[in-house]
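Reading through the C-alpha cells given below for one structure.
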Amino acid sequence: MPTVLREAGLRILIYTDDHPPPHVHAFWDGETKIALLRPEVVRIVGADRRESRRALDIVREKRDYLLERWRDIHG
C-alpha cells in the first residue's frame, strides 16, 4: 500500500490489491475513503468531519495526479 502523497500531515494511500472504482484512503487520526472520478467522501472511519473535509479538499486539488497514480498502480 504505497503512500502516494503527503501534505499538511495527511497521508494518502492507494492499496495495490484494491478494487475499482478509483479511490484513495486518506489518513490523519482516522481514515477517509475518497472517490477520484467524482471526488466525494465514500466512507469515514474514526475521522471527524473537519478532518474529512480537509482530506477531500486536498484530494480535489490533487485529483489528476492521484488518478494517474491509481492507473499506474492498477494498470
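The values are calculated or read from the model by the stated rules, or taken from the named source; none is laboratory data. Remember, it's a predicted structure, so these values are computed and weren't measured experimentally. Counting neighbours? That spans all protein chains shown, and the Cβs are built from the backbone with ideal geometry, glycine included.
Things to note:
- Selection status of Val41, in contact with a helix residue (DSSP H, G or I) (Cβ under 7 Å, 6 or more places away or on another chain), touching a residue at least 12 places away in the same chain (Cβ under 8 Å) and among the β-branched types (Val, Ile, Thr): yes
- Within the range 11-29, residues that are within 19 Å of Lys62 (Cα to Cα) and modelled with pLDDT under 95 sit with their Cβ atoms under 7 Å from residues that are aliphatic (A, V, I, L, M) and surrounded by fewer than 19 Cβ atoms within 10 Å (Cβ to Cβ), at 6+ positions apart or across chains, in these pairs: Trp28/Leu10.
- All told, Ile14 falls short of being crowded, with 17+ Cβ neighbours inside 10 Å, β-branched (Val, Ile, Thr) and in contact with an Asp or Glu (Cβ under 8 Å, 6 or more places away or on another chain).
- Odd one out for Val41 among (1) closer than 18 Å to Thr3 by Cβ; (2) in contact with a Leu (Cβ under 8 Å, 6 or more places away or on another chain): (1)
- Residue match in the range 14-32 (condition: out of contact with any helix residue (DSSP H, G or I) (no Cβ under 6 Å at 6 or more places or on another chain), closer than 15 Å to Val4 by Cα and aromatic (Phe, Trp, Tyr)): yes
- Residue in the range 46-64 that is touching a helix residue (DSSP H, G or I) at 6+ places or on another chain (Cβ under 9 Å), modelled with pLDDT under 95 and surrounded by 13 or more Cβ atoms within 10 Å (Cβ to Cβ) present: no
- Counted residues, the range 1-10 - those being surrounded by fewer than 16 Cβ atoms within 10 Å (Cβ to Cβ), touching a strand residue (DSSP E or B) at 6+ places or on another chain (Cβ under 9 Å) and in a strand (DSSP E or B): 2
- Top-ranked residue of the range 21-36 - restricted to ones that are in contact with a Phe, Trp or Tyr (Cβ under 9 Å, 6 or more places away or on another chain) and in a loop (DSSP other than H, G, I, E, B), ranked as nearest to Ser52 (Cα to Cα): Leu36
- Which listed residue, of Ile14, Ile44, is among the hydrophobic types (A, V, I, L, M, F, W, C) and under 9 Å from the mean Cα position of the chain (by Cα): Ile14
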